[in-house]
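Here's the structure, in C-alpha cells; my notes come after.
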Amino acid sequence: MKRILIATLGSVLIATAPAVAAAQTNPVELIGDVKVDKVVVENGKEKHVLVEPGVVVPGDALLFTTTYRNAGATPIKDFVVTNPLPDAVQLAPQGADQLVVSVDGGKTFGKLTTRRVTGSDGAPRAAVEADVTHIRWVLPVLAPGASGALSYHAIVR
C-alpha cells in the first residue's frame, strides 16, 4: 500500500490508499500541531489554556490537532488519516471512547472498548489508553475546499 508521510510535531501522519491516489491529483493539505493544555485560575475559576510546548514533563496534558483541507477541484472519497502516537505520550481518557484506535502497531483498528492486549502475565486483557499506538480517522467525502480539524488528547509519559 502506498503511503504519504507527513512529519508533524512529535508524530507522523500517514494518509493511505485510496486517499493517496486521490491526493496525487486533488491534494489534501494536512498540518499537524501540538499544544500544552494548562489549567489556570482567573477570577477564582479554573479554565484551560492551550500554549506552545516549551519544556514538557511527565503528566503534562497535550492536545494534538491535524487540520485538513481539500485544495483540489473534485471531491475525495474515503480519505484516511492515521496518526501514530509518539512513544513519549499516551492517549488521555477524555474523548478516547470516541476514537478509532490501534493497540497493535497499526495492524488493526476499532474502538478502544473492543481492543484486547496480552498482559504482563501472558493473559489477554482489555486494552487501556496507555496501550494505544495509533489513531485513525476516515473522512467519507472531502468536497473541494472542505476543511476541518481532527484532534486527540494525550498525556506525557
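We did not get these values from a lab; they are worked out from the coordinates using the rules stated. The shown structure was predicted, so the numbers you read here are calculated from the model rather than taken from an experiment. FYI the Cβ positions are ideal-geometry reconstructions off the backbone, even for glycines, and counts take in every protein chain you see.
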* Asked: How about residue 47: which lysines have a C-alpha closer than 28 Å to its C-alpha, ignoring those fewer than 8 places off in the same chain?
  -> 35, 38
* Structure fact -> In nm, the gap between the two label points placed 7 Å beyond Cα toward Cβ at residue 123 and residue 100 is 3.3 nm
* Once both labels are modelled 7 Å past Cα along the beta-carbon direction, what's the residue 111-residue 31 spacing in nm? -> 3.4 nm
* Structure fact -> Filtered hits (lysines, Cα-Cα < 19 Å from residue 107, offset >= 8 within chain) -> 2
* **Percent of Cα pairs exceeding the 20 Å cut-off, where the set is the stretch 32-157** => 53 percent
